[in-house]
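Structure first, then comments.
The values are calculated or read from the model by the stated rules, or taken from the named source; none is laboratory data. All figures in this text were calculated on a predicted structure; none of them were measured in a lab. Positions of Cβ are generated from backbone atoms using ideal geometry, with glycine treated the same way; all protein chains shown enter the neighbour counts.
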Amino acid sequence: MSVSAPTPAARLPADRQPSAAALAERATRYAALEWLSRPVWVFDIDGRCVHWANTLALGVWQACTLAELCGRDMGSDMSETVAQRLAQYQSDFVLRRDASFNEQWTLFPGGVPVSLNVRFSGHRLPDGRMSMLCEAEPVGAVAPESLRSVEALLHTAVMITLYAQNGEALYRNPAARAAVLSPGERLQERIANPAAFAALSRSLQQQGVATLTLAVRTPQGERWHELSARRCNDAVTGQEAVLVSEADISAIKHTEERANYQSLHDGLTGLPNRAHFTQRFARAVEDARAQSMEAALLLIDLDQFKDVNDTLGHAAGDELLVATAQRLRQARHGTEVLARWGGDEFLVLITSPRIREDLDALHERISVALAAPLAVAGTQLRVTSSIGVALYPQDGETIEILLRNADLAMYAAKERGRNTMVYYDGGLAETVRSRTELEKELRLALEREEFEVYYQPRVDVATNTIRAVEALVRWNHPRLGLVSPAQFIPACESMGLIGVLGLRVLSQAARQQVAWAAQGWDLVVSVNLSPRQFTSAGLLHDITGVLRQAGVNPARMELEITESILLGEDQHVLGVLRELSALGLTIALDDFGTGYSNLAYLQRFPIHTLKIDKTFIQDTDANRSLADLIVSLSTLMKLTAVAEGVETQEQLDWVAGRGIAQYQGYLYARPMPVQAFTEWLRCHPPSA
């Protein structure tokens, strides 16, 4: 090992220079060693300096006097490898008083290399600190390659150990010594895994060499090492031995583990991804088959997730997905496999001997877990999900077939009003084929102007006369007849056609308002505005153009928006709503109570009408407490409250009893095409 002393030699600070008295005391203490026939010195490991040296050692170090040598600062340019080796010696000397080591060192006094065979042993200084007694002998004529190989062995980061046949360490280089928990650690202790040690021993016995990668315990904690071993003979005794080299590959291993983890997990939620789920699926169904159990695949889709992305932004959408993933984790009982399939879709695989019972229990846990209010981007959200279920093996035996059928069931859950779970059945495929056919024909329907606006009256509760009318779009399909909006509106939204369709409905409704007003029926006409339309950059320009072209009085037009629109960044949403109000339009909040907003939001926005969702009107008295709160809020804020979906006299009586101003629903009239509605107006003229 190389130790250099620069020229001129670096000196210790003045306060650390030994005094003449101290040097004299040392000379007396070590007088017996002065006459040895080989260089001897005592090295202060902590102080990084020579404590004492005999005359022959002074010559080796090219020092004129003991004071000059003891005053040198040996640590000023000491390499990290040398410092580490000295610390190892010191530790071993403390543990074993009889410990000694023999190594070839190269000193560089005055910059000239001097190679020595040095025996090191522990020595206590008068103050109790452990130092090192060094006894040197010249190496003699040694080939340069040999000297350099010794230097490389001592300085390399590769851990080299020579073990005897019984596993005892005969030699460790500095790197190997730094990587063991104790100096006496044997090979079988190094490879603590019995199976790995047996494999190593077997390979050495049969082939003479062995290589394995394993985790080992080191003073720095558990590390991954690539260990290579070969049979050899000890150069000192000639007995069989094992030469082992170890390279620390922890960084590579951890990189591989991270890459493997990332390849099998979703980067946003940390859940297993498609690839991981597919692997787990194969094992799970194999186990289920072996144990005569059933399995089920659940496809979970968050309801109205697009509204969150469109209004609050994708960062908020990601935050919602992370929170949902955490809640779904908590809803498991530990045996189900949960994964994120993509977008806002999650998959669950469950195996059970009583699959239907456990599926219903899991659905209940998921519903409860998602039901609690969730704060996202400063907004309180209420999350629901639509779940499709495909059973194994009756609904399919491969993940592709089961996933396709679960997807069909999930869309059926959407069509049944969301927030529910639907089991796959064969009839769903026909439903989807019908929906696909409708989607293909939507663009043609716009070109052929097959969409028609129907109108449903909004009635004064006290006088039972018409106060306003809502425009509702219908599709008159040439072959299928009248198609429900529940079937084609979601398709229009997903295809990006809702903006074009929405403006056409607004245009027809505005022209009709003008026509009715000319006949003496100056009704307020209400038109729905989708969240996708609301986020359009050209919204104000488009609406202004439609109103101007129709020649309608904006004060007689009302725009109905959903609660999800209020999720957007406050200033932007407020700005758009104020500009719409500035045009003279009134704003109604549709289906209130089912979305994400909270009551405190309403006072920030220019809302004029609050339409209470039909689910509250059609519920039992015991579950109408929120409706009572909404009515009270409307009164307090001077908003017009409208009850939607009134279908029975009992419901109307309840509405009247709560002081709700207006209602609409089948009890009074269904939506009608324009000609039929015009005739209705002749018989039921609106109030003045």
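Restricting attention to the range 473-503 and to residues that are in contact (Cβ under 8 Å) with a residue 12 or more places away in the chain and part of a strand (DSSP E or B), the residue that is farthest from E441 (Cα to Cα) turns out to be V473.
Yes or no, residue by residue, for (1) more than 22 Å from the chain's Cα centre (by Cα); (2) hydrophobic (A, V, I, L, M, F, W, C); (3) buried (at least 18 other Cβ atoms within 10 Å of the Cβ); (4) not in a strand (DSSP E or B):
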site: L347; (1), (2), (3), (4): no, yes, yes, no
site: T351; (1), (2), (3), (4): yes, no, yes, no
site: L359; (1), (2), (3), (4): yes, yes, yes, yes
site: L362; (1), (2), (3), (4): yes, yes, yes, yes
site: R365; (1), (2), (3), (4): yes, no, no, yes
site: V368; (1), (2), (3), (4): yes, yes, no, yes
site: A375; (1), (2), (3), (4): no, yes, no, no
site: V383; (1), (2), (3), (4): no, yes, yes, yes
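For the range 330-343, the condition holds for at least one residue, the condition being that it is part of a helix (DSSP H, G or I), free of Cβ contacts under 8 Å to residues at least 60 places away in the same chain and not assigned by TED's automatic domain parsing to the domain that holds S494. Does at least one position in the range 409-421 carry a residue that is among the β-branched types (V, I, T), under 34 Å from the mean Cα position of the chain (by Cα), assigned to a loop (DSSP other than H, G, I, E, B) and surrounded by 20 or more Cβ atoms within 10 Å (Cβ to Cβ)? Taking every residue of the range 409-421 in turn, none turns out to be among the β-branched types (V, I, T), under 34 Å from the mean Cα position of the chain (by Cα), assigned to a loop (DSSP other than H, G, I, E, B) and surrounded by 20 or more Cβ atoms within 10 Å (Cβ to Cβ). Please tell me if R604 is touching a Leu at 6+ places or on another chain (Cβ under 7 Å), charged (D, E, K, R) and at pLDDT below 90. Yes: the conditions hold for R604. D522 meets the conditions (1) touching a residue at least 12 places away in the same chain (Cβ under 8 Å); (2) assigned to a helix (DSSP H, G or I) in every case but one. The failed one is (2).
Applying the criterion of being of a type in the set (A, V, I, L, M) and assigned to a loop (DSSP other than H, G, I, E, B) to the residues of the range 87-142, the residue that is surrounded by the fewest Cβ atoms within 10 Å (Cβ to Cβ) is A141. The combined condition, being outside any helix (DSSP H, G or I), β-branched (V, I, T) and either within 15 Å of M132 (Cβ to Cβ) or not assigned by TED's automatic domain parsing to the domain that holds M132 (or both), is fulfilled by V42. Within the range 83-108, the set of residues being over 14 Å from P183 (Cα atoms) and within 45 Å of the chain's Cα centre (by Cα) comprises A83, Q84. Among residues of the range 257-269 that are farther than 16 Å from L338 by Cβ, those with a Cβ under 7 angstrom from a residue that is surrounded by 10 or more Cβ atoms within 10 Å (Cβ to Cβ), sequence gap 6+ or separate chain, pair up as S263/A275. State yes or no: is L320 modelled with pLDDT under 85 and in contact with a strand residue (DSSP E or B) (Cβ under 7 Å, 6 or more places away or on another chain)? Spelling it out, it is not the case that L320 is modelled with pLDDT under 85 and in contact with a strand residue (DSSP E or B) (Cβ under 7 Å, 6 or more places away or on another chain).
The range 188-306 holds helices (runs of 4 or more DSSP H) entirely within its bounds, and those carrying 1 or more residues that are of a type in the set (V, I, T) map to 250-264, 274-290.
From the residues in the range 385-403 that are over 16 Å from R289 (Cα atoms) and surrounded by fewer than 20 Cβ atoms within 10 Å (Cβ to Cβ), which one is farthest from the chain's Cα centre (by Cα)? Filtering the range 385-403 for residues that are over 16 Å from R289 (Cα atoms) and surrounded by fewer than 20 Cβ atoms within 10 Å (Cβ to Cβ), the one farthest from the chain's Cα centre (by Cα) comes out as I401.
Within the bounds of the range 524-533, is there any residue that is under 17 Å from P673 (Cβ atoms) and not hydroxyl-bearing (S, T, Y)? Within the range 524-533, one or more residues are under 17 Å from P673 (Cβ atoms) and not hydroxyl-bearing (S, T, Y). In the range 625-655, the qualifying residues are those that are polar (S, T, N, Q) and not in a loop (DSSP other than H, G, I, E, B), and the one that is surrounded by the most Cβ atoms within 10 Å (Cβ to Cβ) is S634. A single member of V514, V527 is of a type in the set (V, I, T), touching a Leu at 6+ places or on another chain (Cβ under 6 Å) and in contact (Cβ under 8 Å) with a residue 24 or more places away in the chain, and it is V527. Scanning the range 522-578 for residues that are of a type in the set (D, E, K, R) and surrounded by fewer than 21 Cβ atoms within 10 Å (Cβ to Cβ) returns D522, R532, D542, R548, R556, E560, E569, D570, R578. Exactly one condition in (1) surrounded by fewer than 13 Cβ atoms within 10 Å (Cβ to Cβ); (2) modelled with pLDDT of 90 or more is false for Q62; which is it? Answer for Q62: the failing condition is (1). Scanning the range 45-71 for residues that are among the small types (G, A, S) and in a strand (DSSP E or B) turns up just one, A53. Only a single criterion out of (1) modelled with pLDDT under 90; (2) under 29 Å from A491 (Cα atoms) is not satisfied by H265, namely (2). Residue check: is Q512 part of a helix (DSSP H, G or I) and under 19 Å from D590 (Cα atoms)? Taking the combined requirement at face value, the residue does not satisfy it. Among the numbered conditions (1) at pLDDT 75 or above; (2) outside any helix (DSSP H, G or I), the only one that G575 does not meet is (2).
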